[in-house]
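Q: Quick one: this structure, given as C-alpha cells, is what I'll be asking you about.
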Amino acid sequence: MTHEFESAMKQLPSNLPCNHTRVGAVRWRQSAERFHTDGGRLLTLWGSDDRDRDGLFRIYAAYLLKEGVAVVEHEMEHGTTPAYPSLAETFPCALRMERAIHDLLGITSMEPDHRGWLRHGGWPQTVFPLRRDFDGSQQFSVNSQPYPFVQVEGDGVHEIAVGPVHAGTIEPGHFRFSVVGEKVLRLEERLGYTHKGVSKRFEEMSQKEGRHLAARLSGDSAVAFSWAYAAALEAITQTACPPRAANLRALALEHERLANHLGDLGALGNDAGFAFGLTQFSRMKEDLLRVNLSTFGARYLFDFIQPGGVASDLPPSAPPLLLDHYHVLEENVSSLRVIYDNHAGLQDRFRESGILSQEMAEKLGAIGLAGRASGVPLDLRVDHPCSPYDRLQPKMITQSAGDVAARVQVRFDEIFESLRLCRMLLADFAPGPIQTECSLAEPGRLGLGLIEGWRGPVLIALESGPDGAIRRCHAHDPSWQNWPLLEYAILGNIVPDFPLINKSFNLSYSGHDG
Amino acid sequence: MINTLSRMIRTGILTETFPTPCAASPSVEGLQKDLRNILGRALCIRHVDAGSCNGCELEIQALNNPYYNLEGFGIKFVASPRHADLLLVTGPVSVNMEEALKRTLDAVPDPKLVVAVGDCGACGGVFGTSYASRGAVANVIPVHRTVSGCPPSPVAILEAIRSAVLGV
Ligand code: SF4
C-alpha cells in the first residue's frame, strides 16, 4: 500500500508539515499499523457529524511521524450505528478517545469496552451532544449509574476509592486502587468529571471568539492552547503572524513552562515531606507571575495570543526587568537544585518511585514531559520547530530512569533551557507590528495547530463554517496519552506514594475531560 | 543542611503588608487582621473544583505562598468537608460534578459559608450553561459571595473570603 497511500496524501494547512488522506475501513487500520511500525505516535482521534452536508459521519486520526503530521480520515454511512475499526490494539491510548467519541457522537469503534467515559449519566444514553441536530442548550437531570470497575480478587485484596473530590486544591477525578496491605496491585482511573461540553460550545462561537475558549481548556496551558488555536486559524486563512508577535508568543509560552515547572518542583518537594521546597519554589513562581503582570499585563496570559498576532507589546522597560529577573531566578533555582540533589530524605522518596520504563513508555505512547523523563525524545520545538523556534534551536531534555526523580530532573533542566531561550528571544527582538488582520476562513476548511506546551504537545483541529463561524473544533491535551501511564507507574508502589507520583506527572483533568 | 539554612536566612520573611493595587481596598495585612479578629485564628476552608479549567486553582494555591501566607494567619485548607467552615467553589458546575458538589456541601457542618470563585463560578464564564454545564455555582447550591476575574487574583479571593465571613 505504501506508494499508493503516500501519493494519495494531500497537504493540510498547519503550522507543521502536515498531510491528509481519506481511506476505507481496512486502510484505516492498516495505516495505523504502518505508522506504528515506523515509530509514529497517535496524536488524537476525533469525529464529526456531516450528515447535514453529505449524509456521512467522519472519523479522523492524527499521527505524529518523523516527517511531520499525517491526518487520516474515514467516512461512515449513517446506518443505525455507524462504526469503524478500533485502533486500540495498535495504539492503546486510542481506547479512551474512542469511548469519548461514542459518548459525544454515537459512532462506535468495534471495541468491547462500552462504558461511558465522558457521559456519567448527565444526559440520556440515546442523546449524542455533538450531533448537529442536538441543541447544546438542552439540560437534563442527572441519572448516574454505577460504574463497573474491574475487580481484583485474591487473598487480602481490598479496594480504596478516592475522589472525585480530592483533599487539596486540585481538580476532580476518581481513582480506584486494588491493594494488598499498602501495595498497589491495580489502579483504575475514572475521568470525565469536568466535562463542560467545550466542543459543542466552540460551534456556537465565531472564529474570532474561539480563542477565549481555547485558552480556558486547561488554564495551566492557556498560552499553548491559544497559540495552537491561532496557528490553526492562521493556517486555514493563510495569515502570517508577524515576526515580533511570534517572538512574544514564544516568550509567553516559555514563561508558562517556567511557572508550571516552578510550581511542580515546589509541590513535589512538599509531597515528599520537604515544605521548605514548596515555600521557596512558590515564592519564585509568584515573582514570575508578578513579572508577567508588569510586562505582559496579566499574571496568567489567557487572552494574550490572538489570531494574527498578540494583544499587546512589552513596555519599553520590560527587557532589562526581564533579564534581571531571569538572572535571579537562575541563581535561585541552581542553589535549590543543589539542596534537592543532596537531600537524602527527598532523594529517597524520589528515586525508584513510580517508574515508567522506556519500553513501557514507548508501548503506551507516552508523549511530552513524562515521555522525555522515560527516555522518549519527543519535543515539537526540537523536532518540527515553527517560528521562532527554528532560530532558537532548543535542546532536547531527556532522562532515562523514568522515576519521580527523572521527572524532577527534566523539570530542572527545562527551566534552565527555557531561560536560555527567553534570553535569546529578548536579544533578538526586531521592532515591527505585533498584529496583522486575520481574515475570515472560507467555509469547510480544515486546519491543525500544534504547539509544545509545558506538559506536551497540544493540538487544535479547526474546521470553518460559513460567515466566520466554527463548524467543528477539536482540542486535544497530551494528558489523554499520559493518564494511562500513571496506572502503570503506580504498580507495586505503596498507596501513600500516590500523591507524589501523581504530582510528578501533573496531568490535566480539564484538558482531558473537555 | 547548611545550604538550606543559609537560603532560609537569605530569603527572610516575605509576607506582605503592602496595599492592594486598588487604593480603596484594604491591604493584605488588614484583611488578614480582620480575619484573625473574627475567627480567632481558625477558619477552615474546603476547596471544591466543580468543573474549572484549573486556572482558578492556581491562584487559590498561590494564597499559601509566603507572600500571602494564609496558613500563617490561621486560615487552613482542610482535607475533609466535615472539618470546614467555608466552601471555596471553582468552575462552572459540570453536570458530572453536580452530585458531588451537593454532597460535599451537605457534609459541611452548620453554620457554613460558600464562596464561588472566578467568572465561571460567578456566572458560568466562557462555558455558560449547556447540556454539560449548569453554569454559575448559585444555580446548584446557595452562594454567599462571588469573586469575578478569570482567574481572580489571590488578593481578590482573600477579600471575598473576608467579606463572606464578615457578612458585609
Ligand atoms: S474563571 Fe477563568 S480561570 Fe477560573 S475556572 Fe473559569 S475559565 Fe478557568
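Q: Label point 7 Å out from B:Leu14 along Cα-to-Cβ: which residues of segment B:56-79 have amide N under 17 Å?
A: So the set is B:58-73.
Q: Let me ask something else about it. Just to verify a number: FRET efficiency for A:Asn143 and B:Asp34, C-beta to C-beta distance, R0 = 45 Å, to 0.05?
A: With R0 = 45 Å, the Cβ-Cβ based efficiency is 0.50.
Q: By DSSP, what percent of the beta bridges with both residues in segment A:3-109 are antiparallel, rounded to the nearest 5?
A: Counting DSSP beta bridges with both partners in segment A:3-109, the antiparallel share is about 70 percent.
Q: Could you go through segment A:129-137 in sequence order and give the Karplus-derived ³J(HN,Hα) for each residue, using 6.51 cos²θ - 1.76 cosθ + 1.60 with θ = phi - 60°, rounded to whole Hz, and x for Gly and Pro?
A: Listing the rounded values in order: x, 8, 6, 5, 8, 9, 8, x, 7 Hz.
Q: With every protein chain left in place, what is the accessible area of B:Lys33 in Å² (1.4 Å probe, nearest 10)?
A: Roughly 110 Å² of B:Lys33 is accessible to a 1.4 Å probe.
Q: Under 24 Å between alpha carbons: how many lysine pairs meet that in the protein assembly as shown, if sequence neighbours fewer than 8 apart on the same chain are excluded?
A: Pairs that pass both the separation and distance tests number 18.
Q: Please state the shape class of segment B:96-156: rounded when a/c is under 1.5, otherwise prolate if a/b exceeds b/c and oblate if not, all from the C-alpha gyration tensor.
A: Oblate, because a/c is 1.5 or more while a/b does not exceed b/c.
Q: How much accessible area per residue does the protein assembly as shown have, counting only protein heavy atoms and a probe of 1.4 Å, in square angstrom?
A: About 36 Å² of surface per residue is accessible.
Q: Let's test the formula: R0 of 22 Å, r as the Cβ-Cβ distance of A:Lys208 and A:Arg132. What FRET efficiency results, to the nearest 0.05?
A: Between A:Lys208 and A:Arg132 the formula returns 0.50.
Q: Also, quick follow-up: May I ask you to compute the full-extension gain from A:Arg420 to A:Ser317, defined as 0.36 nm times their residue separation minus their alpha-carbon distance, rounded to one decimal in nm?
A: 35.1 nm
Q: Same structure again: For chain A, give the percent of accessible area contributed by carbon and sulfur heavy atoms, probe 1.4 Å, rounded to a whole number.
A: Within chain A, the accessible surface is 52 percent carbon and sulfur.
Q: Mind listing the long-range amide H neighbours of A:Ala83? Cut-off is under 5 Å, sequence gap 5 or more, other chains count too, H placed in the peptide plane at 1.01 Å from N.
A: A:Thr108
Q: Now, a different point. Considering every residue in A:345-358, what mean count of other chain Cβ atoms within 10 Å of its Cβ is obtained?
A: Mean number of neighbouring Cβ atoms from other chains: 0.
Q: What FRET efficiency would be calculated for the residue pair A:Arg391, A:Thr436, taking the C-beta separation as r and a Förster radius of 25 Å, to the nearest 0.05?
A: In this case the efficiency is close to 0.80.
Q: Follow-up question, since we're still on this one. Please list, ordered by chain and number, the residues whose modelled amide H lies under 5 Å from the amide H of A:Gly168; skip anything fewer than 5 residues away on the same chain.
A: So A:Gly168 has HN proximity to B:His47.
Q: Quick one: Karplus J couplings for segment A:108-113, per residue in order, coefficients 6.51, -1.76, 1.60, θ = phi - 60°, nearest Hz, x for Gly and Pro?
A: After applying 6.51 cos²θ - 1.76 cosθ + 1.60, I find 10, 8, 7, 10, x, 7 Hz.
Q: Related question: Return the ratio Rg/(2.2 N^0.38 Å) for chain A, where Rg is computed over Cα atoms only.
A: The reported ratio for this selection is 0.96.
Q: Oh, and also: Once label points are set 7 Å from the Cα along Cα→Cβ at both A:Glu77 and A:Val150, what is their separation, rounded to one decimal in nm?
A: With each label point 7 Å from Cα toward Cβ, the separation is 3.6 nm.
Q: How far, in nm, would the chain grow between A:Val382 and A:Asp52 when pulled straight, counting 0.36 nm per residue and subtracting the alpha carbon separation?
A: 114.7 nm
The values are calculated or read from the model by the stated rules, or taken from the named source; none is laboratory data. Predicted model, so just to flag it, every value in this text is computed and none were measured. Methodologically, a virtual Cβ is constructed for each residue, glycine included, from the backbone with ideal geometry; neighbour enumeration extends over all protein chains shown. Just so you know, the surface numbers come from the protein's heavy atoms only, side chains and all, with ligands and any DNA or RNA stripped out. Shrake-Rupley method; radii C 1.70, N 1.55, O 1.52, S 1.80 Å.
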